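Written out below as structure tokens is the structure these notes cover.
The values are calculated or read from the model by the stated rules, or taken from the named source; none is laboratory data. Because the structure is predicted, anything quoted here is derived from the model rather than measured. Here the Cβ is made from the backbone with ideal geometry for all residues, glycine too, and neighbour counts use every protein chain on show. Surface accessibility is based on the protein's heavy atoms, side chains included, excluding ligands, DNA and RNA. Shrake-Rupley method; radii C 1.70, N 1.55, O 1.52, S 1.80 Å.
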Amino acid sequence: MSLFTHGPLTRFKAQYDPNNQEFSISGSVRPQTIEELAPSLALLKDSIDRVRGILYVNVKRLAQMNNTAFHAFARVIIDACRVRPDLKFVIITSSVVGWTTRKFGRLSHVEPTITVEQYDSAFYPGQSFLEEGGFIPILRTQTNMTWRHERAILPRHGMRSGITMADICCGIGDFAVLVQKEFQPSRIVALDHSKSSLDYARQIAADFDIRGIEYTYGDAAAMLLEDDQFDLVTCRHSLQIFNRPELILKELYRICKPGGRVYITNEKISHCLGEPRSETIQWTYNELSKLFAHFEMDLELGPKNRRCLVEAGFEDIRGESFMVTNLDGDPQEFADVVQSWEDTFAGEMAQQRGDRPEFIKRFRRGFQDHIFAALHPKGYTGWPIWVASGRKPL
């Protein structure tokens, strides 16, 4: 990821994320001369040169932008449209700063390859789950946060260039895309039971011109895949939300080649932590574990990974854990994820369980304190993930 910040008292930053093909600019951009923008404009031009398909221009955290800056960035984008007719631009705005939609919306009238999308226009975490698309932005954020760790961890668990791989319960497909870009397996089959998630995954792969991923509809507990196919089978954050994870593990074992490995990740949600306000945070995540247990899901499964793999017949079990924190990247990303958890878990799920208003109020308080800790200048927040893999015997 490339990053430029500006001034002794930094007011804005520009960065490019190659994984998402996204150029983003945030803060207050009010230069007196175009020369002040030279590094950011150069980064935007370089981003344009490096992408195929779609370049996302993220301005959803752009608090202010004067006309000097707007016209400078707009000119680079419009010029690129005319030089690169194969490239599309999607400008991501937010209803929170509605002027960005109006201002950048003018560009879509100038060039047909420019579109403007208000990312939160249909984003209501807690009103719907993934099948309705509402949770997608947060799922992508979560994957980006864990990827910072997993890209270093995966080679210790069988990941390498040229292998055949299956990603089971692939969801919106972002993990498969990251793996394809980073490690270049010869083949990836990505399977999920949600047709809407797979539609989204296929669209993202097409937009980014990602090839070599076969998105497949199927039931993880009864897959229409042949035995002994894959060198590496991954199943991330999924066993914990099934009431009979052993059925899925049996299938993961079946499709893995003898000598190949199965890689799983799960959480122990009660070990989420934050400081300051640690007591209310701890109480809420203890209660969250109980809430999921009510719906026959085990968000405490992480430390049980090893036992699950042994009981499924795997050998050479390798296990480790990592902590996603507010210090890994943008603390606001951590806060956004926790906010989505509050909206969903203290919203729809708690209501479905029949929780009383006074409980929900206290339940929400812990999430809000977790966000406070994530954004506090002296705060620290953590979300623990347990990783394990096992080898299928020869």
Out of 287, 246, which single residue is in contact (Cβ under 8 Å) with a residue 40 or more places away in the chain and crowded, with 16+ Cβ neighbours inside 10 Å?
287
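A quick yes/no check of all residues on (1) among the hydrophobic types (A, V, I, L, M, F, W, C); (2) touching an Asp or Glu at 6+ places or on another chain (Cβ under 7 Å); (3) touching a residue at least 60 places away in the same chain (Cβ under 8 Å):
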residue: 52; (1), (2), (3): no, yes, yes
residue: 59; (1), (2), (3): yes, no, no
residue: 62; (1), (2), (3): yes, no, no
residue: 69; (1), (2), (3): yes, no, no
residue: 79; (1), (2), (3): no, no, no
Taking only segment 372-394 into account, find how many residues are over 18 Å from the mean Cα position of the chain (by Cα) and either under 23 Å from residue 309 (Cα atoms) or part of a helix (DSSP H, G or I) (or both).
10
For segment 324-335, state whether one or more residues are of a type in the set (Val, Ile, Thr) and more than 24 Å from the chain's Cα centre (by Cα).
no
Would you call residue 354 at positive phi and open to solvent by 10 Å² or more (accessible area, probe 1.4 Å)?
yes
Subset tally (residues that are out of contact with any Lys or Arg (no Cβ under 8 Å at 6 or more places or on another chain), closer than 15 Å to residue 192 by Cα, surrounded by fewer than 21 Cβ atoms within 10 Å (Cβ to Cβ) and not hydrophobic (A, V, I, L, M, F, W, C)) for segment 206-235
3
Residue that is farther than 18 Å from residue 298 by Cβ and more than 22 Å from the chain's Cα centre (by Cα), where the choices are 205, 176, 222
222
Report those helices (runs of 4 or more DSSP H) wholly inside segment 238-341 carrying at least 1 residues which are out of contact with any Ser or Thr (no Cβ under 9 Å at 6 or more places or on another chain) and polar (S, T, N, Q).
278-294
Across segment 253-284, which residue is surrounded by the most Cβ atoms within 10 Å (Cβ to Cβ) among those that are β-branched (Val, Ile, Thr) and closer than 30 Å to residue 232 by Cα?
264
Any chance residue 381 is farther than 22 Å from residue 303 by Cβ and of a type in the set (Ser, Thr, Tyr)
no
When segment 19-40 is checked residue by residue, the ones that are surrounded by fewer than 17 Cβ atoms within 10 Å (Cβ to Cβ), hydroxyl-bearing (Ser, Thr, Tyr) and under 28 Å from residue 336 (Cα atoms) are 28
Find all pairs meeting these conditions: Cβ atoms under 8 angstrom apart; at least six residues apart or on different chains; first residue within segment 173-200 and more than 24 Å from residue 260 (Cα to Cα); second residue open to solvent by 50 Å² or more (accessible area, probe 1.4 Å) and part of a helix (DSSP H, G or I).
194/131; 196/131; 196/132; 197/131
Check off (1) modelled with pLDDT of 95 or more; (2) surrounded by fewer than 18 Cβ atoms within 10 Å (Cβ to Cβ) for residue 7 and give me the number that stays unchecked.
(1)
Sole miss for residue 392 among (1) at pLDDT below 95; (2) touching a Cys at 6+ places or on another chain (Cβ under 8 Å) is condition (1)
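Table: residues versus (1) open to solvent by 30 Å² or more (accessible area, probe 1.4 Å); (2) touching a His at 6+ places or on another chain (Cβ under 9 Å); (3) at pLDDT 90 or above.
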{"residue": "42", "(1), (2), (3)": "yes, no, yes"}
{"residue": "47", "(1), (2), (3)": "no, no, yes"}
{"residue": "72", "(1), (2), (3)": "no, no, yes"}
{"residue": "79", "(1), (2), (3)": "yes, no, yes"}
{"residue": "89", "(1), (2), (3)": "no, no, yes"}
{"residue": "94", "(1), (2), (3)": "no, no, no"}
{"residue": "99", "(1), (2), (3)": "yes, no, no"}
{"residue": "108", "(1), (2), (3)": "yes, no, yes"}
{"residue": "111", "(1), (2), (3)": "no, no, yes"}
